[in-house]
Amino acid sequence: MKIFLDLINDSATDDLVWMNGYLNNLVQSKGAQAAPAQSDGAPAVSKITIVYGTETGNSKRLATDFATKAKHKHIHAKVIGMDQYRLSDLAKEEYLLAVISTHGDGEPPAAAKKFYDHIHQNGFKLEKLKYSVLALGDTSYPLYCKTGEEVDDQLNRLGGLRIAPLQKCDVEYDEDANGWFNGVLEKLSNTKKDTPAVIAVTGAPVTAKKGKQTHTGTVVTKINLNDIGSNKETWHIEIAAEGVEYQCGDSIGIVPENPPELVEDILAVSGADRNRVVKFKNEDCTMYELLKQKINILFLTERLVKQYAEITGNDIPPTRMDLLDLLKIYPVKDAAQFETIVCKMNAISPRLYTIASAPAAHEGEVHILAVKDEYTINGETRVGLCTDYLSKLEVETQQRFFVQTNKRFRLPAEDKDVIMVGPGTGIAAFRSFLAERDATGASGRNWLFFGEQHFINDFLYQTEIQNWYETGVLTKVNLAFSRAQHYKIYVQLRMLQHAAELYEWLNNGASFYVCGKKDPMSFDVETTLLEIIQQQGGKNTAEAKKYLELLEEEGRYEKDVY
Ligand SMILES: Cc1cc2nc3c(=O)[nH]c(=O)nc-3n(C[C@H](O)[C@H](O)[C@H](O)COP(=O)(O)OP(=O)(O)OC[C@H]3O[C@@H](n4cnc5c(N)ncnc54)[C@H](O)[C@@H]3O)c2cc1C
Ligand SMILES: Cc1cc2nc3c(=O)[nH]c(=O)nc-3n(C[C@H](O)[C@H](O)[C@H](O)COP(=O)(O)O)c2cc1C
C-alpha cells in the first residue's frame, strides 16, 4: 500500500489519468471472472435449479415456464420434479428455486414427500444455498400454502439464504407467480456470485390478495342416477345461480356442513351451551353454528389431537380421531376448556366437484355429479362428509359454492377432435364438453369411453349419451360395464380394442382427456395409452413416452383426476 501511495505522490497528472484508466479495466476484467454477467449484459448467476412438487400439474407447468424465461435471460435452468431430485445434490446446490403446492389437510403433494421429509431431518447444513420458494395453494383451505411455508422455513433453518421472500399464490396464481419469478430473475442478474449477503432477503412472506367469489344458488334438481339394485349412489345436482360464470372443465367448491345428530352428541358430551356466542377467525357465531357449519370435527389431524392433549393435560399417543371420540375418551374439564379447543380448530375444507353442465347449454346453472363416498373403519361402514351432505340436500334450498377454474382442462378449437375417457363420475366433465359442443354446433368429432359396474343400473346419463350418439354429436361411444359378465371389463380394454383408430385420431390432431378416479383408473388409462402408442406407432418405451409428453406440452393430453 505504501509503495502504491508513494507512486501516486510521485506521478504527474497525466500519468494518474492513465493509471486510473488502466486500473479501471483491470477491475472490470477481474470482476467479470467472479460475476461474468455484469460487464457484458449477461447475468451474474448463470445456472439455477428449479424443483417442483406437484399433485395436479400447476407447479410443474410454472416451473417449466420459468425455465424458458430464464433461458431467455441466458440463465441455464435445470427443471426437475421433487420425486426425481437426487437428494444428495442439495448440499451442492447454489441457486435453488422451489415451486410447491399444498394438498390434503395442509400436506405436501405425494410426489414431494421424499424431498419434504429429507429437508425436515435437520442434522445437515446447506452452506452454499441461496433459494426462494413459490407456494401454490388455495385460500379456501384452512392451512393455506402450509407446505410452501414449511419448505421456505426449513431451507432457511438449514442455512439457506433467501433470494426473495416466500410468495404465496391463491388459485389465480399466474400474475403473482410471474411477479415472483421476475423479481428472482432481477436479483440473480444483479447479484455478484460471491456476495450472498447482497441477496439475502428477510421479511414477511408475500401473500396473494385475491379471494374467491362465493355464489349462493338454489338447488333445483337432485336425482340419484343409479337404479335400484346398484352398489352406488351417484347424485346429479342442479344449482341455479344468476350470473355464475365458468368454462367447461372447471369445478365448483362446496363446504359441507357437519351432520346435525353428531353436533347434538358433541354438545351433550361437552356440556357446551349451543347459544353461546363465540369467536372463530374473527367472526361471531353461536356454538351450534361453529360446530355445524364452521369447523372440521372429523378425523382431526395429529397436530390438532396433540393440541387437544396439551389443553386438556392428557397423554394422547400420536393419532387421528373424530372430536366426539376424543371427548368420550379424554373428557374436557368444563365448557370453557371445550370452547378454547374448538375455537382453535380447522375450518371445514371445501370439496371440489367437476362441473357437469355447460355455459352454452345450461345458462345460469351449474350441475354436478357426486358419488356417495363409503369406506370402512374397524368393520364399520362410514360415509364421506360432503357426499353424505349433498345426498341429503333438499330441493329449493340455498347452497353456497365457488368456481374453481381449471385452465388445464379445456376443450380445443371447435373443429378439433376429442377423445374422452370418463368412467364413473368422470363422465361429469364430458357431459359438460358434449353439451357445449352440441349447443354451439362444434364441427370436431367426439369419442367417448364410459364405464361403470352394471349396464342395467349404473349407466349414468344414459338417455343423453344415447341421444348425442343418435344425433351425431358423439361420433363414437365405447362402454365398459365391469360387472356385467363374469370377468372384469374396464375402459382400458375398450381403448385397446380400438387401438388403431385411436392412434389415427391422435395422429390427426385429436386431444385426449381423462376424468375421474386418479388411482387406479387414470394410471391404467395412461399405461394403456402408452401401450397403444408403442404398438401402433412402432415405437419403443422411451419414444412412446416422448410422444405422450409432446401431446401434454401441446395441451392435447389433459387430466382432471382425483
Ligand atoms: C378437481 C377435483 C374434482 C372432483 N370432482 C368430483 C366429481 O365430479 N364427483 C365426485 O364424486 N367427486 C369428485 N371429487 C372428489 C371430491 O372432491 C371429494 O373428495 C369426494 O366427494 C369425497 O368427499 P367426502 O367429503 O364425501 O369424503 P371425506 O369425508 O372427505 O372422506 C374422503 C376419504 O377420506 C378418508 N377418511 C375420511 N374420514 C376418515 C376416518 N375417520 N378414518 C379413516 N379414513 C377417513 C376415507 O378414505 C374417505 O374415503 C373431485 C376432487 C377433485 C380434487
Ligand atoms: C384435494 C385438495 C386439497 C388441497 N388442500 C390444500 C390445502 O390444504 N391448502 C392449500 O393452501 N391449498 C390446498 N389445495 C389447493 C392446491 O394447492 C392448489 O389447487 C394448487 O394450485 C395445486 O397445485 P399443483 O397442481 O401443483 O398440485 C388443495 C387442492 C386439492 C385438490
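The values are calculated or read from the model by the stated rules, or taken from the named source; none is laboratory data. Because the structure is predicted, anything quoted here is derived from the model rather than measured. As a convention, Cβ positions derive from the backbone with ideal geometry for all residues, glycine included, and neighbour counts pool all protein chains shown.
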Notebook entry, point to check: Which pairs have Cβ atoms under 6 Å, sit 6 or more apart or on different chains, and link a residue in the range 373-395 that is over 18 Å from Y353 (Cα atoms) to one that is among the hydrophobic types (A, V, I, L, M, F, W, C) and surrounded by 12 or more Cβ atoms within 10 Å (Cβ to Cβ)?
Noted result: V395/V219
Check: Of all residues in the range 370-420, which are hydroxyl-bearing (S, T, Y) and not in a helix (DSSP H, G or I)?
Finding: Y375, T376, T381, T397, T405
Margin query: So the check is Cβ under 6 Å with 6+ separation or different chains; which pairs have a first residue in the range 157-183 that's touching a residue at least 60 places away in the same chain (Cβ under 8 Å) and a second one that's part of a loop (DSSP other than H, G, I, E, B) and surrounded by fewer than 19 Cβ atoms within 10 Å (Cβ to Cβ)?
Written below: E172/K210
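For (1) under 21 Å from L390 (Cβ atoms); (2) within 15 Å of ligand 1 (Cβ to nearest atom), each residue gets a yes or a no:
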site: P256; (1), (2): yes, yes
site: P260; (1), (2): yes, no
site: A268; (1), (2): no, no
site: D273; (1), (2): no, no
site: K279; (1), (2): no, no
Notebook entry, point to check: If a residue has to be within 27 Å of Q213 (Cβ to Cβ) and surrounded by fewer than 20 Cβ atoms within 10 Å (Cβ to Cβ) to count, how many in the range 403-416 make the cut?
Noted result: 5
Margin query: List the residue pairs whose Cβ atoms are under 6 Å apart, where the first residue sits in the range 207-221 and is outside any strand (DSSP E or B), the second is of a type in the set (A, V, I, L, M, F, W, C) and modelled with pLDDT of 75 or more, and the two are 6 or more positions apart or on different chains.
Written below: A208/C169; K212/F402
Note to self: Please go through (1) in a loop (DSSP other than H, G, I, E, B); (2) modelled with pLDDT under 95; (3) among the aliphatic types (A, V, I, L, M) for L304 and return the number of the only condition it doesn't satisfy.
What the structure shows: (1)
Next item on the list: State the number of residues belonging to the range 343-397 that are within 16 Å of ligand 2 (Cβ to nearest atom), among the hydroxyl-bearing types (S, T, Y), in contact with a Phe, Trp or Tyr (Cβ under 6 Å, 6 or more places away or on another chain) and under 22 Å from R431 (Cα atoms).
Entry: 0
Margin query: Just the residues that are under 31 Å from the mean Cα position of the chain (by Cα) and either on the phi > 0 side of the Ramachandran plot or of a type in the set (A, V, I, L, M) (or both), please, taken from the range 264-310.
Written below: K281, N282, L290, L291, I295, I297, L298, F299, L300, L304, V305
Margin query: Condition first: within 16 Å of ligand 1 (Cβ to nearest atom) and among the hydrophobic types (A, V, I, L, M, F, W, C). Now tell me which residues in the range 138-187 satisfy that.
Written below: L143, V171
Check: Quick one: how many residues across the range 506-516 are crowded, with 18+ Cβ neighbours inside 10 Å and either at pLDDT below 95 or out of contact with any strand residue (DSSP E or B) (no Cβ under 6 Å at 6 or more places or on another chain) (or both)?
Finding: 2
Next item on the list: Name the single residue, out of those in the range 98-145 being acidic (D, E) and part of a loop (DSSP other than H, G, I, E, B), that is surrounded by the fewest Cβ atoms within 10 Å (Cβ to Cβ).
Entry: E127
Next item on the list: Filter the range 283-333 down to residues that are within 15 Å of L385 (Cα to Cα) and of a type in the set (S, T, N, Q) and give me whichever is farthest from ligand 2 (Cβ to nearest atom).
Entry: Q293
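This table checks each residue for (1) without any contact (Cβ under 8 Å) to a residue 40 or more places away in the chain; (2) closer than 30 Å to Y173 by Cβ; (3) in contact with a Cys (Cβ under 9 Å, 6 or more places away or on another chain); (4) buried (at least 19 other Cβ atoms within 10 Å of the Cβ).
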position: E264; (1), (2), (3), (4): yes, no, no, no
position: D273; (1), (2), (3), (4): no, no, no, no
position: D284; (1), (2), (3), (4): yes, no, no, no
position: F299; (1), (2), (3), (4): yes, yes, no, no
Notebook entry, point to check: How many residues does the range 78-92 hold that are surrounded by fewer than 16 Cβ atoms within 10 Å (Cβ to Cβ) and acidic (D, E)?
Noted result: 1
Check: A164: of a type in the set (G, A, S), surrounded by 20 or more Cβ atoms within 10 Å (Cβ to Cβ) and in a loop (DSSP other than H, G, I, E, B), yes or no?
Finding: yes
Item checked: The listed residue being surrounded by 19 or more Cβ atoms within 10 Å (Cβ to Cβ), at pLDDT below 95 and β-branched (V, I, T), out of I355, I368, I348 -> I348
Checklist line | Residues of the range 350-360 classified as closer than 30 Å to K279 by Cα and more than 8 Å from ligand 1 (Cβ to nearest atom), total | finding: 1
